[in-house]
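These notes are about the structure you will find just below.
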Amino acid sequence: MVFAGKGGLGKTTCSAAVSYWSSQKDAMKTLCFSTDPQASLSDIFEKDIFGKGLMELAPRLDVVEIDADRRVKDYQLSIKKKIIDMYGLDELPAEIDEYIDSTSAEPAMYESATYDAMADLVAEKDHDLYIFDMPPFGHGVRMVAMAEILSRWVEKITEAREKAQEYEAVAATLRGQKLEAGDEVMRELTEIRSKITTFTDMLTDRKRTAFFMVLVPEKMAILDTERALAMFERLHITLSGLILNQVYPRDLLDSPKVSEFLKNRVKAQEPYINEVKEKFGDLVLATLPMYVREPKGMEMIAKVAEDLVNGTVVV
Ligand SMILES: Nc1ncnc2c1ncn2[C@@H]1O[C@H](COP(=O)(O)OP(=O)(O)OP(=O)(O)O)[C@@H](O)[C@H]1O
Ligand SMILES: [Mg+2]
């Protein structure tokens, strides 16, 4: 299950709520995953999870918030070490060292680390359900185009390998070794590629993966959802559903105690709720009300889960 969409509309809130429901009510062993550098799962579950590995928050409910920056650094270190080991070098040539360091500035690198972490967790097959709370940039669906981006990255490593091979020849001659390292690098690259393909196949298989988006009754969110739907289509993904979040309860309009300001806010949502209904219709699976305070902590998450499952669809 993947939660994608524009930033700040409720992906993490919904991911936490659905994880709660599947693990506590449906008794499925669930893993809720995030890569948010702002540690939003830590924030919502009110537990320090970030970069701490897999943590069990309740029976059958595991959460993990990966530190993608650290993963990128570890990855670079392991590549450097491999090149040094395989080519029998004493130290990495400065040019290659700088080249590998410079790759961390690429967004593809961050996304690769995220994608890699997701693929690793799913490959462990230790859970019945995986819930991926996607980072706010892009639509979170970009990662499906990752196979391509990562393939390019694999090509870059191949290039680096070729550069290193020049040194290898010299180093091997000096040591009187045979040149077998090349085969091993290629084996590794093939393995990475196959891991990517397996995971991408799973993500685009509707029987195994469901994509959800969260939106709110506002112009920009609607436009963004339309754009995302077009992108989904291009990537051959079917969106499983939308969640309309932060809807002000309509009965606020009937109460004399409610301020004009708030009543205007309620009224302002109306045309957008209608637009959501017209544009997305049956895709809207649930609506969530605007809560009086930010939903945080297990008790509130349970309440959001309840509302998600039992809430009436007002559109
Ligand atoms: N229905 C709601 N009522 C009140 N507050 C809400 C509601 N839904 C979300 N929020 C609050 O809005 C903020 C953004 O929500 P959330 O973190 O779930 O969004 P997100 O899509 O994950 O954001 P990001 O893209 O930055 O990761 C949070 O502070 C959250 O507590
Ligand atoms: Mg979030």
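Counting pairs of Cα atoms in the chain, how many percent are more than 29 Å apart? Counting pairs separated by more than 29 Å, the tail of P(r) holds 46 percent.
Considering only 119, 18, 68, and ranking their Cα positions along the charge dipole of the range 7-128 that arises from unit charges at the beta-carbon of Lys, Arg, Asp and Glu, the one farthest toward the positive end is 18.
With axes computed from alpha carbons, what is the tilt in degrees of helix 297-310 against the longest principal axis of the chain, rounded to the nearest 10 within 0 to 90? Computed tilt is about 70 degrees. Pull out a ≥ b ≥ c, the square roots of the eigenvalues of the alpha-carbon gyration tensor of the range 1-75, then state rounded if a/c is under 1.5, prolate if not and a/b is larger than b/c, and oblate in the remaining case. In terms of gyration-tensor shape, oblate. Angle of helix 219-234 to the longest C-alpha principal axis of the chain, folded into 0 to 90 degrees and rounded to 10: 50°. Near the amide H of residue 288, within less than 5 Å, lie the amide hydrogens of 244, 245, 246, 247, all on another chain or at least 5 residues away, with H placed in the peptide plane. When the solvent-accessible area of the chain is split by element, carbon and sulfur atoms take up 52 percent of it, the probe being 1.4 Å. Taking every protein chain into account, the accessible area of the chain amounts to 52 square angstrom per residue (probe 1.4 Å). In the context of the full protein assembly, residue 250 retains an accessible surface of approximately 140 Å², using a probe radius of 1.4 Å and ignoring ligands and nucleic acids. Once backbone amide H atoms are built at 1.01 Å from N, residue 235 has no partners under 5 Å, excluding neighbours fewer than 5 places away on the same chain. Shape class for the range 188-272, computed from the alpha carbon gyration tensor (a ≥ b ≥ c): prolate, with a/c not under 1.5 and a/b above b/c.
Compactness of the range 234-315, taken as the C-alpha radius of gyration over 2.2 N^0.38 Å, stands at 1.25.
The values are calculated or read from the model by the stated rules, or taken from the named source; none is laboratory data. Being a predicted model, the structure only gives us computed values, none of them experimental. Don't worry about glycine lacking a Cβ; one is built from the backbone with ideal geometry, like all the others, and counts go over all protein chains shown. Protein only, heavy atoms only, side chains kept; ligands, DNA and RNA dropped before computing areas. Shrake-Rupley method; radii C 1.70, N 1.55, O 1.52, S 1.80 Å.
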